[in-house]
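What follows is a short report on a single structure.
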Amino acid sequence: MNTEAIDMVSHALHELQLTSGITSSICDQDHVHQSNQEAIVVDIALNGFKVQVQCRYVKHVMPGYSNNPKHHSQDKHPIMLVTGVLPEKVKTHLRERSVGYLDGSGNMFLSFQQIFIWIDGKKSKASLKPKRNKAFTKSGIKLISYLLMNEKLLNLPYREIAEVTGISLGNVNYAINGLAELGYIPLKVRNKMRISNRKKLIEDWAHHYNESLKPSLFKGNFRLADEEKISELQKLKLKKDYTCWGGEPAADALTNYLRAEAFTMYTSESVADLMKHYSFIPDPDGRITVYEKYWSSYYQVQPDIAPPLIVYADLLGTGDSRCIEVAERVFDEYLSK
């Protein structure tokens, strides 16, 4: 779930309670049926009456949003757009079309079946923009991977963590505080800190890695000069400490349970070196996809194989059922504790 969305919804609901006395609570998203996974389901209560609302966070609500059917209430649960600031013209436009909304000042409109709530007149505040949790910035994603691969790093001073990982001291601080806010590590205890709910953090990390960090590491697609040798690709002698396999080839090596059909490679070699050392030819449709390697070989269980954490994320990112099945094997054999 988008942490920025949860922050904004939580802030807006808090302001709503301060201005109107309407209480609310965000439901456990794992146990709520949702027709749309973008929604944050909230229980809203007033004078003994309770209604479950699907809150949809939108950074900037424009009048055209009211023309989108997905923003209109459906089934038994009304839908409410949540945002920081709503101009008066936009609020009027939404009300005229019976589109529910809640802004960061606690102004609210909801008209659904027998429910009618309209709270207005609360002025926007300069501090409406929610504080952004920085656990899953690109630097944060890198740091979390190091922490998951070597949890002992958590007990080092932040300056030492920065030196070991190559991540700036400020970003180390932001990421660890962000993890604490999300409940993955204790906030104030510094002795023998441990990650809590490790599996959930790994799943969250894999999602953010595939969505944010991995695309920024992309170096290009390639094919072999002699495509008939593709079946022997995994036998290539890779440059130690510089290049390794990820994705399906790595999963094959780690589990012996997957025949690679797509070839993911991580490297700190240049494109020219790849062409020289491995006879790769740049090709946007090539089956060899190459990414920048950002970790040291210390974290690899085999010299020419990416760390299991990276392989796990690669497999999940394919969306392929056979790869996802093998990802669970990688987790069980290498990542679970």
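Go through the stretch 96-142 and give me each residue that's in a helix (DSSP H, G or I) and either in contact with a His (Cβ under 6 Å, 6 or more places away or on another chain) or modelled with pLDDT of 90 or more (or both). Lys138, Ser139, Gly140, Ile141, Lys142, listed by residue number.
Taken as a whole, the condition of being acidic (Asp, Glu), more than 30 Å from Met275 (Cα to Cα) and surrounded by 12 or more Cβ atoms within 10 Å (Cβ to Cβ) does not apply to Glu211. Selection within the stretch 52-77: residues that are of a type in the set (A, V, I, L, M, F, W, C) and surrounded by fewer than 19 Cβ atoms within 10 Å (Cβ to Cβ). The member of this set that is modelled with the lowest pLDDT is Met62.
Here's the yes/no breakdown for (1) of a type outside the set (Lys, Arg); (2) within 25 Å of the chain's Cα centre (by Cα); (3) over 19 Å from Leu309 (Cβ atoms):
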| position | (1), (2), (3) |
| --- | --- |
| Thr255 | yes, no, no |
| Leu258 | yes, no, no |
| Glu261 | yes, no, yes |
| Thr264 | yes, yes, no |
| Glu269 | yes, no, yes |
| Leu274 | yes, no, yes |
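The combined condition, being in contact (Cβ under 8 Å) with a residue 40 or more places away in the chain, in contact with an Asp or Glu (Cβ under 8 Å, 6 or more places away or on another chain) and not hydroxyl-bearing (Ser, Thr, Tyr), is fulfilled by Leu238.
Within the stretch 223-235, residues that are closer than 15 Å to Asp285 by Cβ and modelled with pLDDT of 85 or more sit with their Cβ atoms under 8 Å from residues that are among the basic types (Lys, Arg) and outside any helix (DSSP H, G or I), at 6+ positions apart or across chains, in these pairs: Arg223/Arg287. For the stretch 281-309, the set of residues classified as aromatic (Phe, Trp, Tyr) and either surrounded by 14 or more Cβ atoms within 10 Å (Cβ to Cβ) or closer than 22 Å to Arg223 by Cα (or both) consists of Tyr291, Tyr294, Trp295, Tyr299, listed by residue number. Residues considered: Tyr278, Tyr312. Of these, the only one that is surrounded by 20 or more Cβ atoms within 10 Å (Cβ to Cβ), out of contact with any strand residue (DSSP E or B) (no Cβ under 6 Å at 6 or more places or on another chain), under 15 Å from Ala250 (Cα atoms) and touching a residue at least 12 places away in the same chain (Cβ under 8 Å) is Tyr312.
When residues of the stretch 80-95 are filtered for being assigned to a loop (DSSP other than H, G, I, E, B) and without any contact (Cβ under 8 Å) to a residue 60 or more places away in the chain, how many remain? Final tally of qualifying residues: 3. Across the stretch 143-168, the qualifying residues are those that are of a type in the set (Ser, Thr, Tyr) and surrounded by fewer than 20 Cβ atoms within 10 Å (Cβ to Cβ), and the one among them that is modelled with the highest pLDDT is Ser168.
Sub-7 Å Cβ pairs linking a first residue in the stretch 320-337 that is over 10 Å from Tyr257 (Cβ atoms) to a second residue that is of a type in the set (Asp, Glu), at least 6 apart or interchain, are Cys323/Glu248, ordered by first then second residue.
The values are calculated or read from the model by the stated rules, or taken from the named source; none is laboratory data. Computed from a predicted model, the values in this text were never measured in an experiment. Because the Cβ atoms are built from the backbone with ideal geometry, glycine has one as well, and the counts that use them run over all protein chains shown.
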